[in-house]
Amino acid sequence: MGVSSSSDPLSGKIDPWGSSDPHSFFQFSDAYPGDSQWGLGSGEMIGCPNVMDISQPYGMIYGEGHPNATLYYRGTDEMRGRFLTLPTAESDLSVGIPSIPTLTECICSVWLAKSPTIPSLSDGMIGMMCGSSAGVLSAYSLGSDGLRGQRIARGEVTARWVLSPGVPIIAIVVDESYSLKRQAQNRIWAVALNALGEVFYLTKFLKRPTSTPAKKGPPLSEEAIEGLAWATGRSTYWTTVEPSRRVARPNPYSHGEVDGSYSPRSSWDGMCLSGAQIKAETIEIEEFLKLKPKDFQKLCLGWDMRRRVEVDFAGDDGNYAGESIVVFRCGLDEDSVARIDRFTRFRATEKESAIPSSKPHSGLPTPPPEPSSLFGGPSPPPGRGLERGRRLSQLSIESSPERSQLVEEWRHSELALKGLRSSQITTTAIDSSMFASLTVSEDPILGFSTHSNASSPFGSPQSSSSQCTNPSDIPGQRSRLVAVGTKTGAVILWDVRAPISKNTEFVNVVNPLRIIYTDSPEISCLALTALYLVHGGNDGLVQAWDPLASQTQPIRTLHSRFSQRARRRLAQNQARPQGVGINLFAAGAICLDPDSTVLRGLVSLGTHLRFWSYSSSAADAYKSSKRRLRRSERGSNNGGERFVGRSSNLKDYISSEAFELQREDHQRRKEATRLAGRFGVDLLDNEDEALAYAALLSQEAFANEEKKRLDVASVSEGSVAVSSTTATPEPSISGDAFSLPTSHDDGQIDVDLAEAIRLSLQDSQPVTPPAISASSSPIEMPQDFSSASPFDIPIKYAKSKRTPGSSRNIPRGLKSPANKWPDPEQGSSNNQEMSDLEFALQLSLAEEKSRLETEAAEKDDFPALSPLRGKGKGKGRA
C-alpha cells in the first residue's frame, strides 16, 4: 500500500515518521480491473502488484506496477518523500538515448541499500535501483557531497541501461557484504533477472565522464542530468549469463520478422563503437521497445514474470569466482512447470577448461588426495604442508583477476524437485547468516588462506588442528542452504554449493537434502540460518525446524494457526474469481538474526508483529527437577498454568495435551499388541469365550495334578524287596536308614519332590554306621528309636565343623539303590497326610538324638574319629 513507519523497540511506540505522509498509490487491479497481470491474457500491456523495499538506515522506496507509474522515495530523516525521475520519451540517437514509451511503462522491481557499503564504494552514485517493464534499469543516488569533487543530490538519477528492450526486469539482487577486497578480486556485486529468465551481472562500478562539473559548479538541468545518466551507464557493462539466454520458439517456416533468440542492448565505451554504429543500435532498441508482451510470447519460450532469484555471492572456486545464481520458475501460470536452475561462475585455465573436471568448487585449489576425515585427521608431513601454505599465499598475492590467464565459464545445474515437480513454488529463501556470506579468503576458520609475513603454518601448535587450510577439512565443507515453499505445504532444501557440472555442455542434477512436510496448507514465507529454519503458513502457523533432520518434528511452534472459522473463510475466498487479495491471516514475512547462534527473530501476522528470543542461559532456571508452575487466575483454585491474552496460548495448551493423550494411547496399544503376541493376552475378543477358555485351562491343570498324585501312589504300592546282593542294615538299625525310592520308570514320580525328600533325609541321618547283614528284607518303619540291636558297635564321632546334614556323614549303606521307600498306608488322602506328619516327627526325633550324642562325645577322653573330608558347599567345604 506504500505505507511505512518506524518504532522504538524500547518503548514499543510508533514514531511519527511516515504516519503523516499524504500520498496514496493505486494498484494495477484498481486502475485496470478487467485486464490480466504479468503480461498474460490479451498480452497488450504489462502490470504487476506494486513493489517496495525498505532499509533501516535509508528509508523506503516504492514503485507502482501499472502503466504511467511513479517511483517514490522517502528517507529516514525526511517527513515528506520525493518522486524520482523516470526515463522520458525524448531520444538522442547520436549519444545512444532511445525513446522510452512512458505511457505503458511500469515499475517491476526496486532495490534500496541496506548498508553504506555500496554507496561508499561507488562514490555515492548507487544507492537505489529500479527495473521497469520496458527493460530499462536505472540507478539513483542517496546523496553525496565532497567525494572526489562531486556533488550529487539525493534521489538524483546517476545511470541508465537498456538490458532487454521490451522484456521487464523483474528482480534486482545486490551484494550487501561487498568490500574493497571483493572489488579487487573482480567479483559480482549486482544481478538482474528479466521475464524470459535471462540473468545479467555487474562486476565494475560506474565512472562519470570527466566533463562533470565540480562541487561548486552551477546545478545541471533535468535534461542534462538525464543525458549524463545515459553517458555514465556506458562506462560499465552488464554481462549476460550465457546458459540463461532466451530460447526462441520453434519456427521451422521462419514466419517471424524478428529472431526470437536475439535482443539488442546498450553497449559500453569499451566496445569503441562509432557514432553511426551507436545510432543504428539505438534505432534497433527502439524497434524492440515497441513490441508487446504477446509478441515476445510468440517469439520466445518461457515468459514468466513471477520468477524468483537467489544469489550466493560468497561461493568460491579458488580463482576469485564461484558465485551461484539460482533462478526459480514457480509454475504458477497455465501450462508451466516448476523448475529450478543454478548457474555457477567458474574460472579455470584453458587446459582445465578443455578437460572436464568432476571436482566440486568447494574453495581453494584442491591438493593431492590424502586419506583424511571430515572432522580432521593426521597432519601432513612438514614439507608438504609448507609447500601447500606457500602455494596458497602465492595465489592470494600474485593472482589478479585481470592478469591471470583464466577462462570464465558458467556451469548449469538443475535442482531436482523429486516427487513434487507438479507443485507450485510460493516462496524462496537462502541462508543469510553471518558466516554463510563470507568467502574463503574472509572465513576466519581458514587461518592461513591468506599470506602473512608474521606467522607460518608451523609457528604455533594450533596450526594443524584448530586452523584449516582447505575448505574440504571443515565439517559441512562450507555448505549453504537454499529452500523453497510450495503450495501444498512442503519445504524443500538444497545445498547451493553442491558439486557443479563437469563442463558447459552438460547439466547435472542436485538432489534435495531434505523435504519437510508441514501442517500448513500453503507456505507463505520462509527464513533460515545455518542452524534452524522457520516457515510461515497462510493459516498463521509459524514453526521452527531443524534442517539437518536430527529431529523430524518441529522444534518449536512460534505461533499457532488461526481459528477454524478464519481458515474456512480463507478457503472460500480462494475459490472466488477475485482471489484472496491481502491475506491478513497469513504470515507475511519472517526476519532472523544474522548470527545463527542467536535464536531471535520476528514474524508479521496481518497487522501484528510478533518476535521471539531464546538463549542457552534461559535454561539455568530449569536445573532442578521440580517444575515451577505459573500463578493461577485470581479467585480460582487452580494452581496450574494461567492463560493470558488472546486464546492462542490456550489453544497451544489444548493441542499439546491432545498430542500427549494420543501418544499415550499409541503406547498403550503397542504394549497390548506385544502382550497379545507373546502371552496371548486379549487373544479372544468376546468375554464369554475368554472365561470358557480359562475354565478349560483350569480343568486341564487339575487333571494333570490328579494323575501325578495317582502315579506317586502306584509307585509306593509297587515297591519290591531289595535283592540279596544288596547290603541292607539290620532290623536293629533299620530305623536309622532311609533312602529315596528308585524306579526304572522316571516318568512315574515327581522328580523335584523326590529330590527334596532325599535332601531332607540326608540332613536327618544319625552318625552311627549300619551293620551289614546278608538278609534281604524290606525295610520296616521303626516304632521306637531307643531300641538297639545286640550286634551294634557303638562308635561315637566328635563334633566336627561340618554340619550334620552334609552328604559325607551318611553311611554308604544308606545310599544303596536297594533301599526302598517304606510302603505308605493305603487309604484316603487323610491317611496320607497323617503318614507324612508322622514321618516328619520321626525325622525331628532322629535329628535331636544325633545332636545329643555329638555333645556327649565332646566330653569323652577317647580321640574323635573325624569323617572323611570331601567336596561340599558352604561351611563344610572349609
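The values are calculated or read from the model by the stated rules, or taken from the named source; none is laboratory data. This structure is a prediction, so every number in the text was calculated from the model and none was measured. No Cβ is skipped: glycine too gets one built from the backbone with ideal geometry, and neighbour counts run over all protein chains shown. All accessible areas refer to the heavy atoms of the entire protein, side chains included, with ligands and DNA or RNA removed. Shrake-Rupley method; radii C 1.70, N 1.55, O 1.52, S 1.80 Å.
Numbers below:
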| quantity | calculated |
| --- | --- |
| Accessible-area ranking of Phe205, Phe659, largest first, probe 1.4 Å | Phe659, Phe205 |
| Cβ-derived FRET efficiency at R0 22 Å, Asp593 paired with Phe659, nearest 0.05 | 0.15 |
| Stretch gain in nm, segment Met271-Asp8, where the contour uses 0.36 nm per residue and the Cα spacing is subtracted | 89.5 nm |
| Modelled FRET efficiency - R0 60 Å, Asp333 with Lys670, Cβ distances, 0.05 increments | 0.80 |
| Of Lys114/Lys181; Lys114/Lys204; Lys204/Lys290, those spanning more than 24 Å from alpha-carbon to alpha-carbon | Lys204/Lys290 |
| Accessible heavy-atom area order of Arg245, Arg478, Arg182, highest first, probe of 1.4 Å | Arg245, Arg478, Arg182 |
| Label-point gap, in nm, between Met834 and Ala571 - each point 7 angstrom along Cα→Cβ | 8.7 |
| Computed FRET value (nearest 0.05) for Thr210 with Thr607, which takes r as the C-beta separation and R₀ as 51 Å | 0.45 |
| Extension gain from Ala89 to Met434, taking 0.36 nm per residue of separation minus the Cα-Cα distance | 119.8 nm |
| Point-to-point label distance, Ala248-Asp688, nm (Cα→Cβ direction, 7 Å offset) | 8.7 |
